[in-house]
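These notes are about the structure you will find just below.
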Amino acid sequence: MPEQPIRPAATVIIARPGASQFEILMLKRTNAAVFAGGMYVFPGGKIDPQDGDKALQPYLSPLSPNQTAQRIALGDHWQACWVAAIRETFEEAGILLAYGSDNKLVDTNAINTSAYRSAIHAGEMSMIDLCRRESLRLALDQLHFFNRWVTPEGRPRRFDTRFFIANAPIHQLHLHDGKETTDSLWISPGEALTRNASGSFDMMRVTTKQLDTLNHFKAIEDLMEMAENRQTFEHHRPALPSVDPSAVS
């Protein structure tokens, strides 16, 4: 079997305050999906070539000083990673991490969110088009690079995924797209792991590993302090466990 190509991707762990622990937004992928079908995931997807378009630069917020280490860790393609994370979150969850002309995070109730996200997903318009029409700047300073995971060899699709952490914007409602994702909910890391262990909340191994780390934090303030001040970024390259031929013969 030929080796599967590794596709660059970006994913966002979106968090909000909760009762006993902060909550994160998770989407359920359609059962028909080739990759992670029927499983709960964070919003995200492939990095497209246009995500790194230099013409986007006037529509990007400056990075904060404490994001310097994040930019260096992401390398030459740092812009494409941040833009893809914002674009995919908008397409899949309807959450738009962008500033309006008043320098505040945009209220998605004030724009035609449904039409815009559908058009962007279909390739009928670009993020530059959206920014120009609504006088927006993509809020790169609201997303913090967390770590990076490569899908093991042997999977039907392989991704090199950059994970980001972001605080959920106030006055924005999430909504799964009804195509690639069929359900969505806010859930604490602890509850997600408990439900996964009981067999009622399917997740990929990379997702449970991320939640294991996030579960060490209770308050969203502590989570965001970690994300904003992070200086080291793990690059995980897990391998599938090998099978002893004598054990299956």
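Would you check if there is a residue in the stretch 209-227 being of a type in the set (Gly, Ala, Ser), surrounded by 19 or more Cβ atoms within 10 Å (Cβ to Cβ) and closer than 18 Å to MET39 by Cα? Checked the stretch 209-227: no residue is of a type in the set (Gly, Ala, Ser), surrounded by 19 or more Cβ atoms within 10 Å (Cβ to Cβ) and closer than 18 Å to MET39 by Cα. Checking each residue in the stretch 64-110 for being over 18 Å from the mean Cα position of the chain (by Cα), within 19 Å of ASN147 (Cα to Cα) and aliphatic (A, V, I, L, M) picks out ALA69, ILE72. Screening the stretch 154-167 for residues that are surrounded by fewer than 20 Cβ atoms within 10 Å (Cβ to Cβ) and under 18 Å from the mean Cα position of the chain (by Cα) and picking the one that is nearest to ARG16 (Cα to Cα) gives ASP160.
Evaluate the following for GLN21: is it in contact (Cβ under 8 Å) with a residue 12 or more places away in the chain and not in a loop (DSSP other than H, G, I, E, B)? It is false that GLN21 is in contact (Cβ under 8 Å) with a residue 12 or more places away in the chain and not in a loop (DSSP other than H, G, I, E, B). Out of LEU185, LEU175, LEU138, one residue alone is under 30 Å from PRO65 (Cβ atoms) and touching a residue at least 24 places away in the same chain (Cβ under 8 Å). It is LEU138.
Within the stretch 170-207, the set of residues being in a strand (DSSP E or B) and of a type in the set (Asp, Glu) comprises ASP183 only.
Residues in the stretch 129-157 that are over 13 Å from THR89 (Cβ atoms) and part of a loop (DSSP other than H, G, I, E, B): SER135, LEU136, THR151, PRO152, GLU153, GLY154, ARG155, PRO156, ARG157. Considering each residue of the stretch 62-69 in turn, at least one proves to be assigned to a helix (DSSP H, G or I), farther than 30 Å from ASP202 by Cβ and not polar (S, T, N, Q). Considering the conditions (1) outside any strand (DSSP E or B); (2) modelled with pLDDT of 95 or more; (3) out of contact with any Phe, Trp or Tyr (no Cβ under 6 Å at 6 or more places or on another chain), ASP160 is excluded by exactly one of them, (1).
The values are calculated or read from the model by the stated rules, or taken from the named source; none is laboratory data. Predicted model only: the values in this text are computed from it and were never measured. So basically every Cβ, Gly included, is an ideal-geometry build from the backbone, and we count neighbours across all protein chains shown.
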